[in-house]
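Quick notes on the structure that follows.
Where a number appears in this text, it was derived from the coordinates with a stated rule and is not lab data. What you see is a predicted model; the values in this text were computed from it and never measured. Heads up, the Cβs are rebuilt from the backbone with ideal geometry, glycines too, and the neighbour counts pull from every protein chain shown.
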C-alpha cells in the first residue's frame, strides 16, 4: 500500500476492489441482529456528507461530532476527513450536564459546527445553549443528509500534513488537551499497528476485529474504526454501556465471528473475570483470537493470568496476549509485546510493553534532559512520523510536551521529542513501563511510584478490584501531608465483606505495616469502596484529580474508612 495515500483514499480504493464486502457490523444493545455497512456504502455515504459540508463552506474548519454508539458516527467521521474538516469526537453527556471532557473542548475550541443525528439534535442544542448561551452554533443532522442528498464522487486530493482529527486526551492527570492528528500521523501509525500485530501473530490482512471501545477514545477510533479499512478487514462493534452491562457479549461476538483481533484496557479483562458467570457460557470458542491486546492504562500480567485461567478451557491461548503502549500524542501505537504472565524480575508492578516500532525512536531521559543507560528509570521521550505536531490552541503545553530537546545535543544533530510524562526504562531493546510522572509521591524528600504501591495492595486480596486502586497524597510538601489509599471491592464480594468489617480493618492495618516495611511509605488512611465508585475519565482511567475531591464526599460510597496510626 502507498504510504502517500490518506485513509479516505484507501477507503475509495477498497470500495472499487471489495465494495460489497462487509466493513462494519454494529450489534445494538439487547439485540443479536447486526446493522451492516459495506465498503461501498461507507464510501458513497461519506461522499454525500462531504459534499454537504463543502457546500456549507466548512473546508479547514473543526466540527464537534456528538453521536450515540452506532454507524452514524463513522459515516460522519469519514465525511469530515474527505471534506477537509477536522473532527472532534465527543459522546453525548447524560442528563444534559456538561462533563469535564466537554468543558475542556469548549475552553479550547470555538464551537461553531456540530454533527449528530436528527433524534439527538434538540438534546444537543439544549446542552450547548446552557453551556454557550451567546454562541450561534450550526447543528447538522447527517442522517437527514443521507436521505436527501445525492452521492457525489469527486477526485480526492488530501494534504497528508493537514489535520484530520482533534483527539482530546483522557484528562486522568490534568485537563483534557486537544491533540492535532494529521492524515500522515494516522497512516504511519496504521503501518506501525499492522507491523506490531504481524510480528505478534503473523496477521496478513482481512482480519475481523471485535470492539466495544468508545469511538471518541483513541484506541477505539484508531484501532477499531480505522484499522479494518487499512487491512481490508471487518469490525464488529457494540456499545461501551452494553459491555459494562453484559461483558459476556464481547467474548460471544469474538466466538461467533471467529475474530482474530480484540482488545481493551486492563480493567476490561478483570471485569470479564469478575462479572461473567460460568453458568451463562454456552458454545464459547476463543481459539481464533490471536491478538488480545491490552493497553491504554497500566498493564497487569496478573490480570491476564486470571483471564487465561478463566477462559483457557474455551480456547483462549496465552500466546494471544499482546501488551502495547501508546497515547493520543503518538496517534495511538508506539510499541507492543507478545506477553504472558511474566513480570519484571526486580519489580512485579512493571510490565514489558515491547520493542518500539522501527519508525518510533524512544529514549529514556533524566531530569537534566540527558539520555539514560539500560535499566535506568527516567521519562520516556518519543519521536517519529506518528507523533502529532502540537496541541490545539495551547502553545505553552505544545512547547513543553512536543518540543523537548536533549541538553547535550549539538546544532548539527538537533531533534525534537515528545515528552510523554511516563516513567520507564529500556533493557535489551525492550521498553518497560513504570508509571506516570505525575503519579509519583514525594514524601520526606523520597520519591514513591504510585502504580507500584497500587499493584502491591490490589493483588493482596481476591476481593480487591485489580484496576480499582488509587494512592493519593493530600497537602503535599506540608507538615500535615497525608497519604491515602482508596481500594474498590468486587461487587460479588460486597455482602461478604460487609458482614465482617473487623477483618477488613485488620487487613488495612496489616497492609499499612507491610507497605511501610517494603516501600518505607507510611499510609495514613484506607478507604474501601464498592466497585465502579472511583471517579474515572471518559476512557475508563481513574481520574486522580477528581479522586482528591472525591475523598471529601466518599462517605456515601464508602464500605469502610480506616485511619491507620
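Structure data summary
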| quantity | calculated |
| --- | --- |
| Helix 501-519 vs. the chain, principal-axis angle (Cα, 0 to 90°, nearest 10) | 90 degrees |
| Overall form of segment 200-250 per C-alpha gyration tensor (a/c, 1.5; a/b vs b/c) | prolate |
| Packing-based ranking, highest mean first, of 241-254, 357-370, 274-287 given that Cβ atoms within 10 Å are counted | 241-254, 357-370, 274-287 |
| Sites residue 499 and residue 283, calculated FRET efficiency, Cβ-Cβ separation with R0 41 Å, nearest 0.05 | 0.65 |
| 5 Å-binned pair-distance histogram of segment 290-406 (Cα, whole percent) | 2, 10, 17, 19, 18, 14, 9, 6, 3, 1, 0 |
| Ellipsoid semi-axes in whole angstrom, largest first, where each is sqrt(5λ) of the Cα gyration tensor of segment 359-437 | 20, 15, 12 |
| Gain in span if fully extended, residue 137 to residue 175, counting 0.36 nm per residue against the direct Cα distance | 11.3 nm |
| Peptide ranges 379-386, 419-426 listed from the most packed, as the mean C-beta count within 10 angstrom indicates | 379-386, 419-426 |
| Fraction of alpha-carbon pairs over 15 Å apart in segment 63-118 - percent | 48 percent |
| Peptides 489-502, 290-303 ordered by average Cβ neighbours within 10 Å, highest first | 290-303, 489-502 |
| Using alpha-carbon coordinates, inclination of helix 266-275 to the longest axis of the chain, degrees | 80 degrees |
| Helix-only [θ]222 nm of the chain, DSSP H runs n ≥ 4, -39500 (n - 2.57) each, per residue, nearest 500 | -9500 deg cm²/dmol |
| Alpha carbon Rg of the chain, scaled by the compact-globule rule 2.2 N^0.38 Å | 0.96 |
| Potential extension, residue 400-residue 17 segment - 0.36 nm per residue separation minus Cα distance | 133.4 nm |
| Hydrodynamic radius of segment 1-74 per Kirkwood, over alpha carbon pairs, in Å | 14.1 Å |
| Global form of segment 21-152, assessed from the alpha-carbon gyration tensor, a/c cut-off 1.5 | oblate |
| Translational diffusion coefficient (Stokes-Einstein; Kirkwood radius from C-alpha pairs) of segment 7-239 at 25 °C, 0.890 mPa s, in µm²/s | 136 µm²/s |
| 0 to 90° range, to nearest 10: angle between helix 183-201 axis and the chain longest Cα axis | 60 degrees |
